[in-house]
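**Q** One structure follows; several queries about it will come next.
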Amino acid sequence: MKFIQSLALAFAASAVASEQQLPLQHGDQRPNIVVILTDDQDLHMDSISYMPLLKKHVIDQGTFYKSHYCTTAICCPSRVTLWTGRNAHNTNVTDVFPPYGGYPKFVAQGWNSNWLPVWLQAAGYSTYYTGKLFNSHTVDNWNNPHPSGWTSSDFLLDPHTYQYLNATFQRNDRPPVSHEGEYSTDVLAEKAYGLLEEGVNLRQPFFLTIAPVAPHSDVNASTFVKPGTGKDLDGIIMNAPIPADRHKHLFPEAMVPRTANFNPDKPSSVSWLSRLDKLTDEVVAYNDNFYRRRLQALQAVDEIVEGIVTRLEDYGILDNTYIIYSTDNGYHISQHRLNPGKECSFEEDINIPLIIRGPHVPIGETKVVTAHADLAPTILKIASAKEGWSGLDGSPIPLSEKELEDSKSSRQEHVNVEFWGRGIPEGIYKFSLDDGKIVAYAPNNTYKALRIISSSYNLLYTVWCSNEHELYDLNTDPGQLKNLYPTSKFLPEQNLLGIPLSKVLPRLDALLMVTKSCKGQTCVNPWSVIHPAGNVKTLGDALNPRFDGFYTSISESVRFDKCELGYILESEGPQSVAIFQDDTGGSEL
Ligand SMILES: *[C@@H]1O[C@H](CO)[C@@H](O)[C@H](O)[C@H]1NC(C)=O
Ligand SMILES: *[C@@H]1O[C@H](CO)[C@@H](O)[C@H](O)[C@H]1NC(C)=O
Ligand SMILES: *[C@@H]1O[C@H](CO)[C@@H](O)[C@H](O)[C@H]1NC(C)=O
Ligand SMILES: *[C@@H]1O[C@H](CO)[C@@H](O)[C@H](O)[C@H]1NC(C)=O
């Protein structure tokens, strides 16, 4: 009932505005917020540099957060983290399909009444969304219940979400409408401009999210199996994305950048990744075409960026609007011998674009570490909202020159990265394994990882559900090809950061023990759990030799008892954290 009333209000307001051309000033001067959220957009394959309008209107006018991370590299868990401000281990939405994920799991966990749009409405914002919200939000369950917190919304629905030429949208309380033969991103653009006008006419500060499906693969809707049947990935057909006709000819020479980890001669990593065959020339060529299609599909998104900015300018509100450009998770194509997809903890999958322009945001780029769980608190802060703050796993992203400067010495240096489930190849070639099998997905892709970045170190530490480990030093090995984790204790010990690995590893493991199940403030400041005295804030602090005895005496390390498809606590090994109590030793709690 509520949104019908506000719709009526919107129509009334819009009539007034067009008759009298009222200036947009109103009592409430809080800024507007526009989020443009793409699907599966990479940072590491240069997709951003193929978007000139994004550069002109957002990058050249704001700050590029180069060390921004998603914490779970797949759409639905990542989007739920984004809109609830919580890591996936605290939302327990860890997959794209039920029983462990998707829109039904989001609802079952109670998040539909406890997420950003609800908090923003309580703060007096009007709220708008168009495009893809979550996976398994379908033509059957769209109204059972309807996503709450939106003044006006127009969602893309499964199984047609990823059909570039047959999108199905669902507006407010109205039934789904099919757009057969129209180009999804162009339909979305018109909807976005309409919602923007509604927001402007309501003469309140507004929040608008525009979530195109590009550059996600095109998914054949008739191969979508009903969620929960366990056969969800067996026959699913995911092809290269489809660009708008006007962009089909672009970038004929573009190829996936040939970085060190591009289809390497030696297999990478551990677990199923170490069993991938080298890609043949035919597959590499297919993947390059897939890559070009992604760049072409992004052009219609680039046009939306300009469409929104010029409209904000015409309405006279551009200077009082934050524009946040990001994506749900990253993407790999041919790196580490992987066919197109995500779900890994490699940089390609987790280090993603985040660009913000708006009041007081300086022009430039920054390496302060930020993650998707930080976006909800950032938006709450912009909105001066009072509700929604409790239990958030992130902290507001520094936006002004001063905040950015201060954060260099005070902001966290870690990102908690986690995944449950399967590795899913997109495109026609699936995964080819060293035993001659071709598989539609890789099982046992469940892991906990810690990404840690400062001016002196740059590490990724991962513990897999198979209890294999990885440790990469990205300063010396940006391609993540040389796993430093010792495979045998009989080999001569290596140094890392100028000290023996046996001193660094227990520190990383102890921190991961905290971050993998952190909650609220302990996610923001996990060292405070191990060192309650508060004198350790970074890995550098923890490496102080006076803690050597404590760290080498910790008996329990991060491990799994079993590989699961979801967050099953009993299979996730020890849960207790070692706490440093005094300089004479340590004790475990
Ligand atoms: C397009 O989507 C509608 C449902 O919204 C469906 O009935 C129709 O068969 C689809 N067409 C194609 C070509 O997939
Ligand atoms: C989608 O998949 C179905 C079933 O495999 C097939 O018959 C149909 O041709 C496919 N459609 C497209 C557009 O590829
Ligand atoms: C996956 O993990 C399960 C349980 O931990 C194990 O039984 C199975 O052998 C593993 N499968 C593969 C392919 O490694
Ligand atoms: C997460 O959800 C699954 C599926 O409903 C459930 O089995 C599991 O116990 C939940 N995990 C936690 C830690 O609550």
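The values are calculated or read from the model by the stated rules, or taken from the named source; none is laboratory data. What you see is a predicted model; the values in this text were computed from it and never measured. Counting neighbours? That spans all protein chains shown, and the Cβs are built from the backbone with ideal geometry, glycine included. Side chains included, ligands, DNA and RNA excluded: accessible areas come from the protein's heavy atoms. Shrake-Rupley method; radii C 1.70, N 1.55, O 1.52, S 1.80 Å.
**Q** Can you compute 3J(HN,Hα) from phi for each residue in the stretch 31-41, using the Karplus curve 6.51 cos²θ - 1.76 cosθ + 1.60 with θ = phi - 60°, rounded to whole Hz and x for Gly and Pro?
**A** x, 7, 9, 10, 10, 10, 10, 7, 10, 6, 8
**Q** Using a 1.4 Å probe and counting only protein heavy atoms, arrange 183, 100 so the residue with the most accessible area comes first.
**A** Numbers: 183 20, 100 60 Å².
So the residues, ranked largest to smallest area, are 100, 183.
**Q** Name the long-range amide H neighbours of residue 131: under 5 Å, sequence gap of 5 or more, or other chain; modelled H, no Pro or chain starts.
**A** 154, 155, 156, 211
**Q** In 5 Å bins starting at 0, how do the alpha-carbon pair distances of the stretch 101-212 split up by percent?
**A** Percent of pairs per bin, in order: 2, 13, 22, 24, 20, 12, 6, 1, 0.
**Q** Okay, which of the stretch 487-524 sit inside 12 Å, backbone N to the point 7 Å along the Cα-Cβ direction of residue 575?
**A** The answer is 517-518, whose backbone nitrogens lie closer than 12 Å to the label point.
**Q** If you project the alpha carbons of the stretch 423-485 onto their three principal axes, what span does each projection cover, largest first, in Å?
**A** 42, 22, 19
**Q** Next up: Give me the Å³ per residue figure for the convex hull around the C-alpha atoms of the stretch 384-504. Provide the component values of the computation, followed by the final result.
**A** Working: hull volume 25.6 nm³, N = 121.
That works out to 211 Å³ per residue.
**Q** Please list, in order along the stretch 161-177, the HN-Hα scalar couplings obtained from phi with the Karplus expression 6.51 cos²θ - 1.76 cosθ + 1.60 (θ = phi - 60°), rounded to whole Hz, x for Gly and Pro.
**A** Rounded to whole hertz, the list is 3, 9, 8, 4, 10, 8, 5, 10, 10, 9, 9, 6, 9, 8, x, x, 10.
**Q** Ok, one more. Please identify the helices of the chain, taking whole runs of DSSP H, that span at least 15 Å along their own axis as judged from the Cα atoms and have a mean Kyte-Doolittle score of 1.0 or higher.
**A** Membrane-span-like by this criterion, though nothing is claimed about a membrane: 501-515.
**Q** Then there is this: Could you tell me which residue out of 256, 284, 272 lies farthest along the dipole of the stretch 205-306 toward its positive end? Charges go on the beta carbon: Lys and Arg +1, Asp and Glu -1, centred on the Cα centre.
**A** With unit charges placed on the Cβ atoms, the residue in question is 272.
**Q** Please compute the modelled spin-label separation between residue 405 and residue 249, points set 7 Å along Cα→Cβ, answer in nm with one decimal.
**A** Those two pseudo-labels are separated by 5.1 nm.
**Q** Scan around residue 36 for amide H atoms under 5 Å from its own, H built in the peptide plane at 1.01 Å from N, and keep only partners 5 or more places away or cross-chain.
**A** The answer is 210, 324, 325, 326.
**Q** In nm, to one decimal, how far is the modelled label at residue 259 from the one at residue 430, with both set 7 Å along Cα→Cβ?
**A** It works out to 2.8 nm between the two label points.
**Q** If you rank 451, 411 by how much accessible surface each has, with a 1.4 Å probe, what is the order from largest down?
**A** Solvent-accessible surface, decreasing: 411, 451.
**Q** Using a ≥ b ≥ c from the Cα gyration tensor of the stretch 278-372 (square roots of the eigenvalues), is it rounded, prolate or oblate, where a/c under 1.5 gives rounded and otherwise the larger of a/b and b/c decides, a/b for prolate?
**A** Details: a/c = 3.97, a/b = 1.84, b/c = 2.16.
In terms of gyration-tensor shape, oblate.
**Q** Treating the beta-carbon of each Lys and Arg as +1 and of each Asp and Glu as -1, no other charges, what is the dipole magnitude of the stretch 503-586 about its Cα centre, to the nearest 20 debye? If you can, show how the numbers build up before the last one.
**A** Values: 8 positive and 10 negative charges, 47 e Å.
The calculation lands at about 220 debye.
**Q** Whose amide H sits under 5 Å from the amide H of residue 95, counting only residues 5 or more places off or on another chain, with H placed in the peptide plane?
**A** Excluding prolines and chain starts, which carry no amide H, the hits are 101, 102.
**Q** Rounded, prolate or oblate: which fits the stretch 50-129 when a ≥ b ≥ c are the square roots of the eigenvalues of the alpha-carbon gyration tensor, with rounded for a/c under 1.5 and prolate only if a/b beats b/c? Spell out each step's value before the answer.
**A** Numbers: a/c = 2.50, a/b = 1.49, b/c = 1.68.
Cα axes put the stretch 50-129 in the oblate bin.
**Q** In addition: The stretch 329-409: which trypsin sites (Lys or Arg not before Pro) are DSSP loop and have at most 11 other beta-carbon atoms within 10 angstrom?
**A** On the way: sites: 337, 342, 357, 367, 381, 386, 402, 408; in loops: 337, 342, 367, 386.
Within the stretch 329-409, the qualifying trypsin sites (Lys or Arg not before Pro) (loop, at most 11 other Cβ atoms within 10 Å) are 386.
**Q** Against the empirical 2.2 N^0.38 Å scaling, what ratio does the C-alpha Rg of the stretch 18-176 come to? Present the calculation step by step, with values, prior to reporting the outcome.
**A** Values: Rg = 17.4 Å, N = 159, 2.2 N^0.38 = 15.1 Å.
It is 1.15.
**Q** Semi-axes, largest first, in whole Å: what does sqrt of 5 times each Cα gyration tensor eigenvalue give for the stretch 188-313? Don't skip to the end; give the middle numbers.
**A** Values: eigenvalues 259, 89, 45 Å².
Over the Cα atoms of the stretch 188-313, the semi-axes work out to 36, 21, 15 Å.
**Q** Continuing with the same structure: When only alpha-carbon atoms are used, what values of Rg and Dmax, in angstrom, describe the chain?
**A** Cα only, the chain: 23.6, 82 Å (Rg, Dmax).
**Q** How large are Rg and Dmax for the stretch 503-574 when only the alpha carbon atoms are used, in Å?
**A** In order Rg, Dmax, the Cα atoms of the stretch 503-574 give 13.3, 40 Å.
**Q** Here's another thing I want to ask about it. Can you work out ³J(HN,Hα) from phi for every residue in the stretch 532-541, in order, using Karplus 6.51 cos²θ - 1.76 cosθ + 1.60 and θ = phi - 60°, giving whole Hz and x for Gly and Pro?
**A** Running phi through 6.51 cos²θ - 1.76 cosθ + 1.60 with θ = phi - 60° gives x, 5, x, 8, 10, 10, 9, 4, x, 4 Hz.
**Q** Then there is this: How far apart, in nm, are the 7 Å Cα→Cβ label points at residue 528 and residue 193?
**A** 4.8 nm
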